[in-house]
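One structure is given below, encoded as structure tokens.
Every number here is computed from the coordinates shown, using simple stated rules; none is lab data. Keep in mind the model is a prediction, meaning the values are calculated, not measured. Counting neighbours? That spans all protein chains shown, and the Cβs are built from the backbone with ideal geometry, glycine included.
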Amino acid sequence: MADGIQVPNCDRCDKPSVLFQRYSGRSLCNKHLIDSVHKRFAKELRKQLELPKSGGETTILVAISGGKDSALLLDRLVRILGPRKDVKLVAGCVDEGIDGYRSPSMDCARQLAENLEIPFETVSYPELGFERMDTVVDRLPVIRQNHSETRGMAPCSFCGVFRRQGLNRLAERVGADVMALGHNLDDMAQTVLMNMQKGDLERTLRLAPHTDAPLEGLAPRIVPMRWIPEQEVHASAMALGLSFFHDECPHAPGALRQRNRELVSRLEEDVPGSRHGLVHMVDAVKELEKKAKMAGVDDIRPTLPTPCPICGSPTSGDICKACEFTAMVNDAAQ
């Protein structure tokens, strides 16, 4: 009992619980929370990661940022795949160029990789031909003035596009066969909701994991934490004593994802299991697409990605978003 509040015991043992799962009705202590998270992680990893049976080494780029999600992602992958001789794990981190935030978070990412004895690779926005994010943010007022379609866009819209390019570059550099992302259940549910708001079926169908439908020219993404809620990721990373950066990006407030984060949180509070339902819906839509293809229907997707004529990255438009945004940022400097 603390401050007059009775802390319930873990449902699996007599130790005090650290977390209550509203969607399952279970209370768990640190040990049994980690066991629960690990079990779901390993089950999803088995579903998403197909290793060749004929031998050969599979290189997995593990995208880490210094935060809790990617810290747990790397730690669990090392625990599960580290002993295997046919798998090589490489941690990759993108330096977006955000003063006061990226440097300490990269230090955490680097320290974690060193602690786990995993190679650590980085790439910066200037190396990719992009301006640092602090510079992009400074130019946003001019960009919005010059391009009406960007009005209302937060810095995250630009950063997300550039960061994906950075991860793709790292994957090419290390020869990655697969890229592992640390998206948790909340992240996935938010993305589903954002795509629904925009009526973007194509982007919904392209959501990771890409086990059954890899995008040509890109290392297929896996997301083994997609059924693990953010709160459980945070609690597990703390319980495991992992090195991660706690602060939030200073440019994040006001972003569409932040608003959807609050919305998903309220939905989950009102109806436990809503996050799972949103992600299950995408799986159901993907399954319908697969069945339609098996039935000979080939034109159900609105737009298949084609190579960008400027950089070669897959795009559904005339040029990719990274090239489009880069032109806007450069124009704003004139």
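Points worth noting:
- Rounded Å value of the spacing that divides the Cα centres of region 240-301 and region 57-124: 23
- Both the radius of gyration and Dmax for region 119-229 are 15.8, 43 Å, in that order, over alpha-carbon atoms.
- Dipole magnitude of the chain about its Cα centre (Cβ charges: Lys, Arg +1; Asp, Glu -1), debye to nearest 20: 860
- For region 74-185, the equivalent ellipsoid built from the Cα gyration tensor has semi-axes of 32, 14, 12 Å, listed from largest to smallest.
- Positive-end extreme of charge dipole, region 21-61 - chosen from 30, 52, 42 (charges on Cβ): 30
- Beta bridges assigned by DSSP with both partners in the chain are antiparallel in approximately 30 percent of cases.
- R0 of 51 Å, Cβ-Cβ distance residue 297-residue 142: FRET efficiency to nearest 0.05: 0.65
- Averaging 1/r over every pair of different alpha carbons in region 10-163 and inverting the result gives a Kirkwood radius of 18.6 Å.
- Computed over region 50-299, Cα set: Rg, Dmax in Å: 18.7, 56
- Derived from the Cα gyration tensor, the three semi-axes of the equivalent ellipsoid of region 208-334 are 30, 26, 16 Å, largest first.
- Exposure proxy for 246, 147: other Cβ atoms within 10 Å of each Cβ, ordered fewest to most, give 246, 147.
- Multiplying each eigenvalue of the alpha-carbon gyration tensor of region 118-171 by 5 and taking the square root yields semi-axes of 26, 11, 8 Å, largest first, rounded to whole angstroms.
- Considering only alpha-carbon pairs that sit under 8 angstrom and 6 or more positions apart, the relative contact order computed for the chain is 21 percent.
- Each of the peptides 95-108, 284-297 was scored by the mean count of other Cβ atoms within 10 Å over its residues; in descending order, highest first, they stand as 95-108, 284-297.
- Ignoring lysines fewer than eight residues from residue 198 along the same chain, the ones with Cα atoms less than 27 angstrom from its Cα are 286, 290, 291, 293, 321.
- Working ranking of peptides 74-82, 114-122, 86-94 by packing, defined as the average number of other Cβ atoms within 10 Å per residue, highest first, is 86-94, 74-82, 114-122.
- Placing unit charges on each Cβ (+1 for Lys and Arg, -1 for Asp and Glu) gives region 50-299 a dipole about its Cα centre, and among 120, 297, 215 the Cα reaching farthest toward its positive end belongs to 297.
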